[in-house]
């Protein structure tokens, strides 16, 4: 493995065959192993790394040192946008653009607008939730170096992985490998870009 | 160590396609299949059979990857034909006009609206299970939420058909939405019918989003399995169609791969995914309560006796949950009998819990029925009192008492443990409840309309052939879509299911706080199944199930 320093992209590790290294991938057998390995990687000062598990493991966020997501704030913003737009639409259409008197009520009476305002708020909040979640996760992204690894595909079945990216400032091929191995990895592989 | 293994073999064995199917466990008189533990200090197992994670994946993916069971194609074709027939009658209706419903008076559209409310009510169980039970931390929901959500979507599709075709000029249906048009007019936002348009379309959209988001990881699992088989054998397995070189696994990798949006099970992704799931559950909870409330406003905001009551929103919501759970049970009880290993995921405790929900909501509905009568008498309004006397003792007495016996009396069986843990009895009660809930809407709509204020409006309701065919057709659509769901989509939320298994806890080893004696009883039961940790393909033997942590 060779190390290149490039001014624009930073350090790049390349294999003997000339392929750029994405990172080092370690496999773990149980959720407990992954949990403890994640704590060790977190405490090792790494930032560009990830754990992979077929299902969400309770407490893994803390073991990985993942902070709270901004998603709820986005959803609140989306929801209130929906509420505002929903009310504005009804008010403009029935009290401004085409004034319509129904049952002798003032054209802008707000009471009858509540149900649709509520529904629009929910609709916008729901779309913000799912689109926001995908956007924050960088999805959809149909290609990823890890998905090219045969072994990695069992992360969707019953295996647990940690991948430390070569771009991580704390990354060092030997020390990172030793850390992952010391945490109980059952196999270690290099991941090419 | 897992290598690239052709896990098709395990999947087939577990799905019962090739011999080696494990015998059913005998039922224990006290704990049933091992889940009916009454002691509140003992956590009943949510997944039976002592399966490893790998086996859970193999079983659930097997439902979609293997050849369908023998009953599948006939049931699918039959329901598809019924659906097609209903479609032809809708075509006839559109071409000829809604006079084919016999609309010579104001009672005769009752059928259509009855069906609309019936289906939209059924659609409430899915979101209740996925949203409200999620907020209440009811972990047993993980086995049934996927199919209940699917059922919700299909019920909403059936429901949306009816208002769409009853407007007379169906090609003008777009005028329901605030779309700029040549008349420069807008819909009337003060009409509960328009609220309904927004409520139902929001509900359908949000349910679809919720359902889809839940399936993303499971699509990725199906994608990875197809991909793994393709890497081992680039041919891609047998051809899907004769003479067309489309290989099943290539198709799976493509379609499931596209739908999975590139999900790769990252811990950072899971973190946001779980947050998103909780938020969706939080916003779906008021949504599901609002939808049937708004449907009930269609009636409650009118001045017709029998409709003009404030009890309608809670009463309709309880009725919707009641009917929806009955439909979930009617679909899942046959499914768990027909599909191998499904009883390990949908245990007797699941059935019992749903029966309890039916009992509770049935009592709420029964309370609402009696309270309507009480207020009609206590309110001293002669028109109101007449409407209710007419309901129970008028020309439609038979519909009313069908409703009472199905909705109020039949669920009382669930007071008895033996009844609420017997799949046959639960199925029969669910069938009764479904019939009863259809009659409830029929009673509300028809009996109030057929004796309105003007005697010139007094008519009896007679369904026409077109009425009946379209309703039967909607049942066909529902069953057909559910068959397709069972065949092509992940029937259980695999990721969620694995997360509630005892070995999923990162603290499973070391410090276990469960009661050791009782936990070992449960564990022994889980292990009773002979060669469960089937190891020929390299899956590790599962750790012994424990009482959890």
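The values are calculated or read from the model by the stated rules, or taken from the named source; none is laboratory data. Small disclaimer: the values here were computed from a predicted structure and weren't measured. Reconstructed Cβ throughout: ideal geometry from the backbone, glycine too, with neighbour counts over all protein chains shown.
Applying the criterion of being touching a strand residue (DSSP E or B) at 6+ places or on another chain (Cβ under 8 Å), farther than 17 Å from residue B:66 by Cβ and part of a strand (DSSP E or B) to the residues of the range B:204-256, the residue that is nearest to the other protein chains (Cβ to nearest Cβ) is B:246. Within the span defined as the range B:476-497, every residue fails to be closer than 28 Å to residue B:371 by Cα and in a loop (DSSP other than H, G, I, E, B). Looking only at the range A:57-73, residues that are surrounded by fewer than 22 Cβ atoms within 10 Å (Cβ to Cβ), within 7 Å of chain B (Cβ to nearest Cβ) and part of a loop (DSSP other than H, G, I, E, B) come to 4 in all.
Residue by residue, here is whether (1) surrounded by fewer than 19 Cβ atoms within 10 Å (Cβ to Cβ); (2) in contact (Cβ under 8 Å) with a residue 60 or more places away in the chain; (3) part of a loop (DSSP other than H, G, I, E, B); (4) assigned by TED's automatic domain parsing to the domain that holds residue B:112 holds:
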site: B:43; (1), (2), (3), (4): no, yes, yes, no
site: B:55; (1), (2), (3), (4): no, yes, no, no
site: B:61; (1), (2), (3), (4): no, yes, no, no
site: B:79; (1), (2), (3), (4): no, yes, no, yes
site: B:89; (1), (2), (3), (4): no, yes, no, yes
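Within the range A:147-178, the set of residues being in contact with a strand residue (DSSP E or B) (Cβ under 8 Å, 6 or more places away or on another chain), in a helix (DSSP H, G or I) and more than 12 Å from chain B (Cβ to nearest Cβ) comprises A:173, A:176, A:177. If only residues of the range A:128-142 that are more than 7 Å from every other protein chain (Cβ to nearest Cβ) and free of Cβ contacts under 8 Å to residues at least 60 places away in the same chain are counted, the one that is surrounded by the most Cβ atoms within 10 Å (Cβ to Cβ) is A:128.
Which one of B:319, B:323 is part of a helix (DSSP H, G or I) and farther than 30 Å from residue B:63 by Cα? Unique residue meeting the criteria: B:319.
Of the residues in the range B:529-537, none is out of contact with any strand residue (DSSP E or B) (no Cβ under 9 Å at 6 or more places or on another chain), at pLDDT 50 or above and either on the phi < 0 side of the Ramachandran plot or assigned to a loop (DSSP other than H, G, I, E, B) (or both). Selection of the range B:450-482 for residues being surrounded by 17 or more Cβ atoms within 10 Å (Cβ to Cβ) and farther than 16 Å from residue B:111 by Cα yields B:451, B:452, B:476, B:477, B:478, B:479, B:480, B:481, B:482.
Taken as a whole, the range A:90-97 holds no residue that is within 11 Å of chain B (Cβ to nearest Cβ) and either assigned to a loop (DSSP other than H, G, I, E, B) or under 27 Å from residue A:133 (Cα atoms) (or both).
Once the range A:98-119 is narrowed to residues that are in a helix (DSSP H, G or I) and more than 7 Å from chain B (Cβ to nearest Cβ), the residue that is farthest from residue A:76 (Cα to Cα) is A:111. Among the criteria (1) touching a residue at least 12 places away in the same chain (Cβ under 8 Å); (2) surrounded by fewer than 15 Cβ atoms within 10 Å (Cβ to Cβ), the one residue B:418 does not fulfil is (1).
Look at (1) more than 29 Å from the chain's Cα centre (by Cα); (2) surrounded by fewer than 15 Cβ atoms within 10 Å (Cβ to Cβ) and you find that residue B:370 fails only one, number (1).
Output the number of residues of the range B:374-391 satisfying the condition of being assigned to a helix (DSSP H, G or I) and either touching a residue at least 24 places away in the same chain (Cβ under 8 Å) or surrounded by 15 or more Cβ atoms within 10 Å (Cβ to Cβ) (or both). Matching residues across the range B:374-391 total 10. Out of curiosity, is residue B:282 buried (at least 17 other Cβ atoms within 10 Å of the Cβ), at pLDDT 85 or above and within 7 Å of another protein chain (Cβ to nearest Cβ)? No; evaluated as a whole, the condition is false for this residue.
Can you find a residue that is part of a helix (DSSP H, G or I) and either within 11 Å of chain A (Cβ to nearest Cβ) or within 23 Å of residue A:115 (Cβ to Cβ) (or both) anywhere in the range B:299-309? Yes, that holds for at least one residue. Number of residues in the range B:171-184 that are within 14 Å of chain A (Cβ to nearest Cβ) and not in a loop (DSSP other than H, G, I, E, B) equals 2. In the set (1) part of a helix (DSSP H, G or I); (2) in contact (Cβ under 8 Å) with a residue 60 or more places away in the chain; (3) more than 9 Å from chain A (Cβ to nearest Cβ), residue B:168 fails one condition alone, (1).
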